[in-house]
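The values are calculated or read from the model by the stated rules, or taken from the named source; none is laboratory data. What you see is a predicted model, and the numbers here were worked out from it, not measured in a lab. Neighbour counts are summed over all protein chains in view; Cβ atoms, including those assigned to glycine, are modelled from backbone coordinates with ideal geometry.
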Amino acid sequence: MTPALSADRLDRFARHIVLPEVGGAGQARIMGAHVVLVGVGGIGAPALQYLAGAGVGRLTLIDDDVVEPSNLQRQTIFTLADVGQSKAEAAASWVDRFDPALAVEARRLRIRRDNAAALVSGADVVLDGSDNFATRLAVSDACVAAAVPLTSAALGRFQGQVANFAGHRPGEACYRCFVGDAFDADDCDTCAAQGVLGAMVGMVGTFGAMAVLRVLLEGVASLGDPQWGQLHVLDGLRPGLRTMRIAHDPACPACGHGSETDG
Ligand SMILES: [Zn+2]
């Protein structure tokens, strides 16, 4: 059924392959995919665990931070031995230990407006788990320009927000359509000031991993409904989930042009 998968890979991913919503074709697609993670912190680290677990064949990990003792409360791939090390490099080492068959690249840098295009180019999906609007908007604009789907996952206290964006497709919203243009200069990190519960950010990260898999499986398996432009708002306190539709903004500086199907 899936001649591309060796016996040991078939065994490793057997629980995916027997799922009708994924199947052998879906698993092969996941294994052939390239996912770029912007940030391997609170959201990126748990997302990485499940994306690597799913067998995503190529992973690029972008983060300019180093592991700090206060990260260990929620960034579960890191241990005391990683403190002081580059997060990107420590996360890549984790992937190597977890599944040496995966190709992983650590990029120890901060993604910015001037380097984002090169970093997202060629990816099948970008998962943005960064913690500030300036980075998110730079990543989103680069994704729209490069026609790369974007999974955005963010957390504020006990509210998580996860959405898939395809701003490069006519009529679909991008992340900038959602938040507007007022936050390009916002570059502050908020976790230290606001506090964050480890299990809560873990839920948002794994929700983000689910959203990435939905994108990867589009047109291949029935789980592959990316739900473009639908913002899932996770309330960790109640708990509960609301989903709302983000409208494409025809005047959006990033995706508003060339969208001839706007209604
Ligand atoms: Zn837009």
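Values computed for the structure shown
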{"quantity": "Residue within the range 228-244 that is within 16 Å of the ligand (Cβ to nearest atom), surrounded by 20 or more Cβ atoms within 10 Å (Cβ to Cβ), touching a residue at least 40 places away in the same chain (Cβ under 8 Å) and not hydrophobic (A, V, I, L, M, F, W, C) present", "calculated": "yes"}
{"quantity": "Any chance residue 211 is within 16 Å of the ligand (Cβ to nearest atom), within 20 Å of residue 35 (Cβ to Cβ), surrounded by 16 or more Cβ atoms within 10 Å (Cβ to Cβ) and under 12 Å from the mean Cα position of the chain (by Cα)", "calculated": "no"}
{"quantity": "Pairs where the first residue, in the range 160-187, is farther than 21 Å from residue 208 by Cα and the second is away from the ligand (no atom under 14 Å from the Cβ) and of a type in the set (Asp, Glu), C-beta under 7 Å, 6+ apart", "calculated": "170/260"}
{"quantity": "Residue list for the range 128-159, restricted to those being more than 14 Å from the ligand (Cβ to nearest atom), within 17 Å of residue 172 (Cβ to Cβ) and over 14 Å from the mean Cα position of the chain (by Cα)", "calculated": "146"}
{"quantity": "Complete set of residues in the range 60-91 that are touching a strand residue (DSSP E or B) at 6+ places or on another chain (Cβ under 7 Å) and over 19 Å from residue 202 (Cα atoms)", "calculated": "60, 66, 84, 85, 86, 89"}
{"quantity": "Extreme residue, farthest from residue 207 (Cα to Cα), among residues of the range 162-180 that are within 12 Å of the chain's Cα centre (by Cα) and more than 10 Å from the ligand (Cβ to nearest atom)", "calculated": "164"}
{"quantity": "Complete set of residues in the range 1-35 that are under 28 Å from residue 150 (Cβ atoms) and modelled with pLDDT under 95", "calculated": "4"}
{"quantity": "Residues of the range 63-75 satisfying the condition of being touching a residue at least 40 places away in the same chain (Cβ under 8 Å) and surrounded by 16 or more Cβ atoms within 10 Å (Cβ to Cβ)", "calculated": "63, 74"}
{"quantity": "Residue ID - surrounded by the fewest Cβ atoms within 10 Å (Cβ to Cβ), chosen from residues in the range 113-142 that are in contact with a Gly (Cβ under 8 Å, 6 or more places away or on another chain) and over 20 Å from residue 185 (Cβ atoms)", "calculated": "129"}
{"quantity": "Filter pass, residue 162 being at pLDDT 95 or above, surrounded by 16 or more Cβ atoms within 10 Å (Cβ to Cβ), touching a strand residue (DSSP E or B) at 6+ places or on another chain (Cβ under 9 Å) and over 23 Å from residue 236 (Cα atoms)", "calculated": "no"}
{"quantity": "Flag for residue 209 being touching a residue at least 40 places away in the same chain (Cβ under 8 Å) and over 26 Å from residue 251 (Cβ atoms)", "calculated": "yes"}
{"quantity": "Test: residue 180 is modelled with pLDDT under 95 and on the phi > 0 side of the Ramachandran plot", "calculated": "yes"}
{"quantity": "Residue check, residue 15 touching a residue at least 24 places away in the same chain (Cβ under 8 Å), charged (D, E, K, R), over 20 Å from residue 202 (Cβ atoms) and surrounded by fewer than 18 Cβ atoms within 10 Å (Cβ to Cβ)", "calculated": "no"}
{"quantity": "Odd one out for residue 114 among (1) assigned to a loop (DSSP other than H, G, I, E, B); (2) modelled with pLDDT of 95 or more; (3) under 25 Å from residue 244 (Cα atoms); (4) of a type outside the set (Lys, Arg)", "calculated": "(3)"}
